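Working notes, structure below.
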Amino acid sequence: MRNRYQGQAKKSNRKFEVVAGRELAVRVPLPLVEVWEELQAEVERLTGQAGLEILRAILEEEVRQRVGPPYRPHSAAGCRRWGRQPGYVVFAGQKTPLCRPRVRTRAGEEVELTSYRRLQQDGRLQRAVRERIIAGLSTRNYRRAVEAVLEGYGIERSSVSRHFVQATAQQLQQLCERRLEELALVALVVDGIEVAGQTLVVALGVAADGRKHVLGLWQGATENTTVVKALLEDLVERGLDCERRYLVVIDGAKALRAAVERVFGARAEVQRCQLHKRRNVKDHLPEPCRADYDRQLRNAYALTSYPEAKAALRKLWRQLSGVNPSAARSLEEGMEETLTLHRLGVAPLLRRSLSSTNLIESCLATVRHVTRNVKRWRGGDHIARWTAAGLLEAECKFRRVKGYRGLEELERRLNPELHSHAEVA
């Protein structure tokens, strides 16, 4: 048994061992996780220092091109080196101190380095601030929570707020200036959200490939016809073809319906939210019978055939007339528009996706979550900036609508004349 282990190297308990041979190598025995835990901080520090050396080289290269090598300036150069000065660059998502070279003209005027200005304007800092605050980090706790590979500065509360304002202002501008010609939209979902006592009307588009897009928002005191009309007209100005027919999903508010009528006229097929209709009817009924009538209403909307669904609703209306006339009137009001997708023959899976405003409610829920930490609202575009930030945050997580393969068929039924011309051509 002793001979079996003779000639073998003794097992090393050291975490690092230099192995001699044709080439020097480092042997790292298991477990590697413990090794990395000890090395991680040092590796991050070295990586950060290497990055700063690259930035210093970039600045030095611009100086060399303007002036020439150190101690050997170009005779034709109109400027010269003028020492160094403490400065900063944006690195790893925050301001990082960096001693910058200075250049002056022969007359003594300071020369601005183009590369230094660009390194200070890196949008990564603003994106980092925006992402952390949107995730719920307050400006008071930003300094303690920020994680960076180098010790930086410029992350005080006032600085964080300033960067967040700049980042969200860019997002608001991006959202309000989006062009819509190339989206191939089939359906629009319009709804409002109240933030800090003001109402913002939001439009969501569903394209033929099933992808959802936040189209825009409009701020007003209430969800009135004027505000909604202004939003829809803005979408038309940005490329929404009002000559095409669209499916417009709304919650049944009269202001929304009137605005859609004024902008699109008969070119819009309006689908009223079935969930809102069920809630409105249920709220008129006594507590003991709410569950039964809500089940009947849900079963009626679940029918695939338009005649069968309409007949079931008419039957339920007659029953409600004898129980609670107010509930019956609530069901009758706009009943036909709750069956628009049935009338168009949309497949059941896609019909469930588009028969309510749930598509946009998820966006608005994200806005409420993002704005939960705001303690004091100011004037100007403060509310609009935060709402846009929440909407774009929700858009990053969008998935295709369920049943999206039926959207092309829905588009053909909405605009049969366009497809007939294409087939003839």
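The values are calculated or read from the model by the stated rules, or taken from the named source; none is laboratory data. Model, not experiment: these values are computed from the prediction. Cβ atoms come from the backbone with ideal geometry, glycine included; neighbour counts cover every protein chain shown. Keep in mind that these areas ignore ligands, DNA and RNA; they rest on the heavy atoms of the full protein, side chains included. Shrake-Rupley method; radii C 1.70, N 1.55, O 1.52, S 1.80 Å.
The residue that is modelled with the highest pLDDT, counting only those in the range 112-145 that are of a type in the set (A, V, I, L, M) and surrounded by 17 or more Cβ atoms within 10 Å (Cβ to Cβ), is Leu113. For the criterion of being in contact with a strand residue (DSSP E or B) (Cβ under 9 Å, 6 or more places away or on another chain), among the aliphatic types (A, V, I, L, M), crowded, with 16+ Cβ neighbours inside 10 Å and over 18 Å from Arg262 (Cα atoms), Leu175 passes. Against the list (1) within 33 Å of the chain's Cα centre (by Cα); (2) within 22 Å of Leu349 (Cβ to Cβ), the condition Pro307 fails is (1). Taking the range 210-258, which residues are of a type in the set (Gly, Ala, Ser) and either open to solvent by 40 Å² or more (accessible area, probe 1.4 Å) or assigned to a helix (DSSP H, G or I) (or both)? Selection gives Ala221, Ala230, Ala255, Ala258. Being in a helix (DSSP H, G or I), open to solvent by 20 Å² or more (accessible area, probe 1.4 Å) and either on the phi > 0 side of the Ramachandran plot or β-branched (Val, Ile, Thr) (or both) is a description that applies to Val263.
Would you confirm whether any residue within the range 334-346 is more than 19 Å from the chain's Cα centre (by Cα) and farther than 30 Å from Glu408 by Cβ? Looking through the range 334-346, none of the residues is more than 19 Å from the chain's Cα centre (by Cα) and farther than 30 Å from Glu408 by Cβ. Close Cβ contacts (under 9 Å, 6 or more residues apart or on different chains) running from residues in the range 48-67 that are assigned to a helix (DSSP H, G or I) and surrounded by 14 or more Cβ atoms within 10 Å (Cβ to Cβ) to residues that are of a type in the set (Phe, Trp, Tyr) and modelled with pLDDT of 80 or more comprise Ile58/Tyr116; Leu59/Tyr116; Glu62/Tyr116. Residues of the range 266-284 that are out of contact with any Lys or Arg (no Cβ under 7 Å at 6 or more places or on another chain), open to solvent by 20 Å² or more (accessible area, probe 1.4 Å) and outside any helix (DSSP H, G or I): Arg272, His284. Here Tyr88 fulfils each of the conditions (1) buried (at least 18 other Cβ atoms within 10 Å of the Cβ); (2) at pLDDT 60 or above; (3) not in a strand (DSSP E or B) apart from (3). Being surrounded by fewer than 20 Cβ atoms within 10 Å (Cβ to Cβ), part of a helix (DSSP H, G or I), at pLDDT 95 or above and over 30 Å from the mean Cα position of the chain (by Cα) is the requirement here; does Ala312 meet it? It is true that Ala312 is surrounded by fewer than 20 Cβ atoms within 10 Å (Cβ to Cβ), part of a helix (DSSP H, G or I), at pLDDT 95 or above and over 30 Å from the mean Cα position of the chain (by Cα).
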